[in-house]
Amino acid sequence: MPVNAVTTRDVRARKGGTPLVCLTAYTAPVARLLDPHVDLLLVGDSVGMVVYGLETTLAVSLDTMVAHGAAVVRSSERACVVVDLPFGTYQESPEQAFRSAARVLAESGCHAVKLEGGREMAETVAFLTARGIPVLGHVGLQPQAVHTQGGFRAQGRSQEAAEAIMADARAIADAGAFAIVVEGVVESVAAEITEEVAVPTIGIGASARCDGQILVTDDLVGLSPSSPSFVHRYAEIGGTIDDAAARYARDVRERAFPGEGNVYKARQAAGGAG
């Protein structure tokens, strides 16, 4: 690990300090571009939806997460790299979670794993952290629980729901997570969680008062056809790619590409007197 790399301890120490900057990365080129600017790169199971066109994250495999995690690790030097444990690879038991997490860390070289869930996953988080596996928690809207939560919708609107999310965050923090992603949670609830738990909160569709923020990079740069309302699109790269492809198609059809500078010439035969 490079001497200036951000560790999970560094992330935890940022509680109440300068907000943590976090983004998703799934590929080597994107990781290389983001690495100088962020504190944490998340190789999320959102790769299933963003890269593979799936409707949910549920079909993503451990093999997929290991492969994308390794690509991001190889192409980053500074950021703390965290890889999601996909659905079905950790919920059965703490022992199953350990086997999955150990494989991800060993084969990808990442610094930590992320898992979704609240009080029901506290025992697993404690089991992993006691055995040397750093865990990033995730409460609120949980994409792996999309069917039980009724779709991708904001969480914590009622008093009962808000109290449940608060209890989840407390349980995961107490179990040893070094930070917690708070997703799709009513702003006031996310702010209250941030005030109460001792570890950093990383918001996505939550509150500016969280200890950090994360977005899906494809949403950030305008590669997604549409984005949730909580996203600010800082660029529209999708339009740039569309324009480049259109100009390329035109040049090919008009035989303007390849041009003189885009082809190889035969070497001139050496001349000389016979």
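The values are calculated or read from the model by the stated rules, or taken from the named source; none is laboratory data. Predicted model, so just to flag it, every value in this text is computed and none were measured. With ideal geometry, Cβ positions are generated from the backbone for all residues, glycine too; neighbour counts draw on all protein chains shown. Protein only, heavy atoms only, side chains kept; ligands, DNA and RNA dropped before computing areas. Shrake-Rupley method; radii C 1.70, N 1.55, O 1.52, S 1.80 Å.
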Task: Leading residue by the ranking (nearest to R12 (Cα to Cα)) among those in region 59-74 that are open to solvent by 50 Å² or more (accessible area, probe 1.4 Å) and not small (G, A, S) - done: R74
Open item on the list: For S207, only one of the following conditions fails: (1) among the small types (G, A, S); (2) under 28 Å from R119 (Cα atoms); (3) not in a loop (DSSP other than H, G, I, E, B). What is its number?
Closed with: (3)
Task: Options V185, V199, V221: the member that is surrounded by fewer than 24 Cβ atoms within 10 Å (Cβ to Cβ) and touching a strand residue (DSSP E or B) at 6+ places or on another chain (Cβ under 8 Å) - done: V199
Task: Sole exception among (1) within 20 Å of G109 (Cβ to Cβ); (2) open to solvent by less than 10 Å² (accessible area, probe 1.4 Å); (3) out of contact with any Gly (no Cβ under 9 Å at 6 or more places or on another chain); (4) not aromatic (F, W, Y) for P29, by number - done: (2)
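Kindly provide the set of residues from region 208-222 that are aliphatic (A, V, I, L, M) and either farther than 15 Å from G44 by Cβ or without any contact (Cβ under 8 Å) to a residue 24 or more places away in the chain (or both), ordered by number. Walk me through it before giving the result.
Initial filter on region 208-222 (aliphatic (A, V, I, L, M)): 208, 214-216, 220-221.
Result: A208, V221.
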TODO: Please give the number of the condition E120 fails out of (1) in a strand (DSSP E or B); (2) surrounded by fewer than 22 Cβ atoms within 10 Å (Cβ to Cβ).
DONE: (1)
Task: Residue in region 169-184 that is in contact with a Cys (Cβ under 7 Å, 6 or more places away or on another chain) and not charged (D, E, K, R) present - done: yes
Open item on the list: Just to be sure I understand, how many residues within region 38-58 are more than 26 Å from V21 (Cβ to Cβ) and surrounded by 15 or more Cβ atoms within 10 Å (Cβ to Cβ)?
Closed with: 3
- [ ] Considering (1) without any contact (Cβ under 8 Å) to a residue 60 or more places away in the chain; (2) crowded, with 23+ Cβ neighbours inside 10 Å; (3) farther than 22 Å from G117 by Cα; (4) among the β-branched types (V, I, T), say which one I237 fails and leave the rest.
- [x] (2)
Open item on the list: Take S100 and tell me if it is among the polar types (S, T, N, Q), touching a His at 6+ places or on another chain (Cβ under 9 Å) and surrounded by 15 or more Cβ atoms within 10 Å (Cβ to Cβ).
Closed with: no
Task: Residue identified as open to solvent by less than 20 Å² (accessible area, probe 1.4 Å), over 25 Å from V113 (Cβ atoms) and not in a loop (DSSP other than H, G, I, E, B) among A169, A191 - done: A191
Task: Criterion violated by G150 - all others in (1) modelled with pLDDT under 95; (2) small (G, A, S); (3) closer than 19 Å to I202 by Cα satisfied - done: (3)
Task: Conditions (1) free of Cβ contacts under 8 Å to residues at least 60 places away in the same chain; (2) on the phi < 0 side of the Ramachandran plot; (3) small (G, A, S); number of the one not met by A79 - done: (1)
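Residue-wise test of (1) over 22 Å from A145 (Cβ atoms); (2) not in a helix (DSSP H, G or I).
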site: M49; (1), (2): no, no
site: T57; (1), (2): no, yes
site: V82; (1), (2): no, yes
site: P86; (1), (2): no, yes
site: Q91; (1), (2): no, yes
site: R103; (1), (2): yes, no
site: V113; (1), (2): no, yes
site: A126; (1), (2): no, no
Open item on the list: Would you confirm, using the coordinates I've provided, whether R255 is open to solvent by 60 Å² or more (accessible area, probe 1.4 Å), over 37 Å from the mean Cα position of the chain (by Cα) and at positive phi?
Closed with: yes
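When the residues of region 77-126 are filtered to those that are of a type in the set (F, W, Y) and within 24 Å of M166 (Cα to Cα), which remaining residue is nearest to the chain's Cα centre (by Cα)? Write out each step before concluding.
Taking region 77-126 as the starting set, the residues that turn out to be of a type in the set (F, W, Y) are 87, 90, 98.
Subset that is within 24 Å of M166 (Cα to Cα): 87, 90.
Values: F87: 15, Y90: 18 Å.
Result: F87.
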Task: Options L105, L136: the member that is open to solvent by less than 10 Å² (accessible area, probe 1.4 Å) and within 29 Å of A13 (Cβ to Cβ) - done: L136
Task: Search result, residues across region 202-216 that are polar (S, T, N, Q) and either open to solvent by 10 Å² or more (accessible area, probe 1.4 Å) or at pLDDT below 95 (or both) - done: Q213
